[in-house]
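Beneath this line is the structure, given in structure tokens, with notes to follow.
The values are calculated or read from the model by the stated rules, or taken from the named source; none is laboratory data. The structure displayed is predicted, hence computed values, not measured ones. Note: ideal-geometry Cβ built from the backbone for every residue, glycine included; neighbour counts use all protein chains shown.
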Amino acid sequence: MVALMALIPIGMKMMKEAGVNTVGARIGNKLLGEVQLAEFDDIQQYNGKIYWFDDMGTQLKKSEEESKVRRIYTAKVEVDEENPQIPGAQANKFLKRVVVKVSNVLGDEPDFKDPNPDSGANQQRVKKDYRSYWTFIIDTEKDD
């Protein structure tokens, strides 16, 4: 019986992580879908935008003071300035990479900076405060 009681905290932690991952993925998909529906020439306007969400993944208005109390998730959209290069080909001007970073760190705005890749193999891996969801968006209306 004691051994079974010892497993309860582990199960609760795993259940919480699963819920956080599910809501984070829902937020990431929502924001990626919003960017995908925009005109290709207007995608850059999303770069750097920050969104707030409650515990169920419902978007909150930043201007409301009550939103600061209810905020559980913060998401940031990043659109790469440069066109991505496909391996074996040149940079494609009709392709954009969009990344949505979702954090459930409470308090002030989370740190959305990427860990330094040049830190070397001997350095301990830096844990990020967010999960990333990304996609490529293609401009299909151009014909050159």
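Of the strands (runs of 3 or more DSSP E) that lie entirely inside the stretch 1-109, those containing 3 or more residues that are surrounded by 13 or more Cβ atoms within 10 Å (Cβ to Cβ), at pLDDT 90 or above and among the basic types (Lys, Arg) span 95-103.
Take residue 74 and decide whether it is hydroxyl-bearing (Ser, Thr, Tyr) and within 12 Å of the chain's Cα centre (by Cα). Yes: the conditions hold for residue 74.
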